[in-house]
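Student: Below is the structure I would like to discuss, written out as structure tokens.
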Amino acid sequence: MSAKSNRKTCSRKAAIDRPKKPYPAFPLTPHNAGSWMKKIRGKIYYFGRWGRVVKGKMERLSGDGWEEALRLYKAQADDLHAGRTPRLVSSDGLTVRDLCNRFLTAKQRKLSSGELIARTFQEYRATTDRLVSMFGMDRLVDDLAADDFESLRAEIATVWGPVRLGNEITRVRSVFKYAIDNGLIDRPVRYGSEFQKPGKSVLRSLKAANGKKLIEADEIRLLLGAATVQLKAMVLLGVNCGLGNTDCADLPQTAVDLNTGWIDFPRPKTGIERRCPLWPESVEALREAIEQRAEPKDKADDADCVFLTSQGKRWVRPTTTSRTDGVTREFGNLSRRLGINGRKGLGFYTLRHVFRTIADGSRDQVAANLIMGRSDPTMAGIYRESIDDSRLVAVTDHVHAWLFGKGSEA
């Protein structure tokens, strides 16, 4: 696979058995993610793989894949060192490997420019890895047929449920759409009739089987009473403002005004504006969390974070293969300890569902959307330039009364 990357990952070199260079002058270096890499003109490019993740552990491939990686590097070296986009490796047509390399390079450019978040790039990379593994790196894209995609869907369905299956099908289609949109193939890929996202009836049945994604007010109060300082503040932000796991992990102190009690923090995933008035309980919890925060391990990127783990790292951060989510882990452990996590699918992100469900009782959908960072595609949303803060306060007051009682101060 060939795509440059500037992602920062957790240092886990001691736990990964990386291969040595096959000979001293070998031009490539093994990367922790299982790829061979080289820095060219200030950018990192990947060439083939020396290992793959099996059951959560990186395992080396037979022969470490260095010969294939070297072949791919030599085929692209002249173009890359000259600053040009590499031409297709195969003279017979576009291969799955060539397509995935080009697609990832395009997404890497968006990641570098801030148009794509790291988590989305990781999901795209996992998708392209799956395509190469399933179809073969030298398989011609023009040779793919409906039965190939039917087998791919069946394989994914054995691992993931309907929601994630649908998301992965969308990502796969985006890879091949990139090929046709950029003139890499002459005709669209034929997916066949079976390579479709699960129908709405399947999703409705799944939702009914799992029950409502809602944590009751008394359960949330129980969580707040038993949570650590940082988790307590995050839980309050989840119910007060509808913040999710990554929102809390990426929340900068510059976005929080504890003197006036407001958060102004566009959603990292979409850039949509988000503004939320804070409850007195949230302000107090945030002050305590910031005061007791550990020193950041990465002072360049994390010095302004509101929340850091006891090791001084972000609660949600990328790893060599996926990401680590300490918010989910700690919230899940506490919920199980308190005996309130018996329903499937409940986690920290459920608090965002809770906020929206209760906030709708205020009958101000527009204000609730702004607090959550949800876009308004209507014509009114296009013309609306601002929303009065009193409407936002009314929404959060309504949720506060549900959680703490109507007589409590907001």
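Student: Which residues' amide hydrogens lie under 5 Å from the amide hydrogen of Val53, considering only partners 5 or more residues apart or on another chain, with H built in the peptide plane?
Tutor: For Val53, whose amide H was placed from the backbone, the distant partners under 5 Å are Glu59.
Student: Here's something else I'd like to know. Say each of Arg119 and Arg18 gets a label point 7 Å from the Cα, pointing the same way as Cα to Cβ; how far apart are those two points in nm?
Tutor: Roughly 2.7 nm, to one decimal.
Student: DSSP loop (so not H, G, I, E, B), at most 11 other Cβ within 10 Å: list which GluC sites (Glu not before Pro) in region 112-203 pass both filters.
Tutor: Loop-located and lightly packed - Glu115.
Student: Count charges around Arg287 for me, please; just the other residues with Cβ under 14 Å from its Cβ, Lys/Arg as +1, Asp/Glu as -1.
Tutor: Its environment carries a net charge of -3.
Student: Further question on the same structure: Please report the Cα spread of the chain along all three principal axes, rounded to whole Å, starting with the longest.
Tutor: Largest first, the chain extends 74, 49, 45 Å along its Cα principal axes.
Student: Which translational diffusion coefficient, to the nearest whole µm²/s, is obtained for region 252-301 from the Stokes-Einstein equation, given a Kirkwood hydrodynamic radius over C-alpha pairs, 10 °C and 1.306 mPa s?
Tutor: 130
Student: Using just the helices of the chain, give the 222 nm mean residue ellipticity in deg cm²/dmol: DSSP H runs with n ≥ 4 each add -39,500 (n - 2.57), and the total is spread over all residues, rounded to 500.
Tutor: Helices in the chain give a 222 nm mean residue ellipticity of -14500 deg cm²/dmol.
Student: Are there any trypsin sites (Lys or Arg not before Pro) in region 32-71 that are in a DSSP loop and have at most 12 other Cβ atoms within 10 Å? List them by number.
Tutor: Those satisfying the criteria are Arg41, Lys55.
Student: Using modelled amide H (1.01 Å from N, peptide plane; none on Pro or chain starts), what sits under 5 Å from the amide H of Met37, excluding residues fewer than 5 places away?
Tutor: Here Thr29, His31, Phe47 satisfy the definition.
Student: So, one more: Per residue of region 302-316, what does 6.51 cos²θ - 1.76 cosθ + 1.60 with θ = phi - 60° give for ³J(HN,Hα)? Whole Hz please, x for Gly and Pro, Karplus curve as stated.
Tutor: So the Karplus estimates, Gly and Pro as x, are 10, 4, 9, 5, 5, 10, 9, 5, 5, 8, x, 10, 5, 5, 10 Hz.
Student: If all Cα-Cα distances of region 217-404 are sorted into 10 Å bins from 0 onward, what percent lands in each bin, rounded to whole numbers?
Tutor: 9, 37, 36, 15, 2
Student: Now, a different point. For a quick check: sort Val395, Val354, Val159 by the number of other beta carbons within 10 angstrom, fewest at the front.
Tutor: Fewest-to-most ranking of Val395, Val354, Val159: Val159, Val354, Val395.
Student: In degrees between 0 and 90, to the nearest 10, how far off the longest principal axis of the chain does helix 162-181 point, with axes built from Cα atoms?
Tutor: Rounded to the nearest ten degrees, it is 50.
Student: Mind checking the angle between helix 66-81 and the chain's longest principal axis? C-alpha axes, 0 to 90 degrees, to the nearest 10.
Tutor: Computed tilt is about 80 degrees.
Student: If r is the Cβ-Cβ distance from Asn259 to Glu216 and R0 is 35 Å, what FRET efficiency results, to the nearest 0.05?
Tutor: Once the sixth-power term is evaluated, E becomes 0.60.
Student: Also: Once you have the alpha carbon radius of gyration of region 13-204, what is it after dividing by 2.2 N^0.38 Å, with N set to its residue count?
Tutor: Rg over 2.2 N^0.38 Å, computed on Cα atoms: 1.08.
Student: Give me the one-decimal nm value for the distance between modelled label points at Asp298 and Ala126, 7 Å along each residue's Cα-to-Cβ direction.
Tutor: 1.9
Student: Continuing with the same structure: Suppose the chain between Asp79 and Ser310 were pulled fully straight at 0.36 nm per residue; how much longer would it get relative to their current alpha carbon spacing?
Tutor: So the chain would gain 78.6 nm between Asp79 and Ser310.
Student: Against the longest alpha carbon principal axis of the chain, how many degrees, from 0 to 90 and to the nearest 10, is the axis of helix 326-338 turned?
Tutor: Helix 326-338 sits roughly 50 degrees off the main axis of the chain.
Read-outs throughout are calculated quantities, based only on the coordinates presented, and are distinct from any laboratory measurement. All values reported here derive from a predicted model rather than from experimental measurement. Cβ atoms come from the backbone with ideal geometry, glycine included; neighbour counts cover every protein chain shown.
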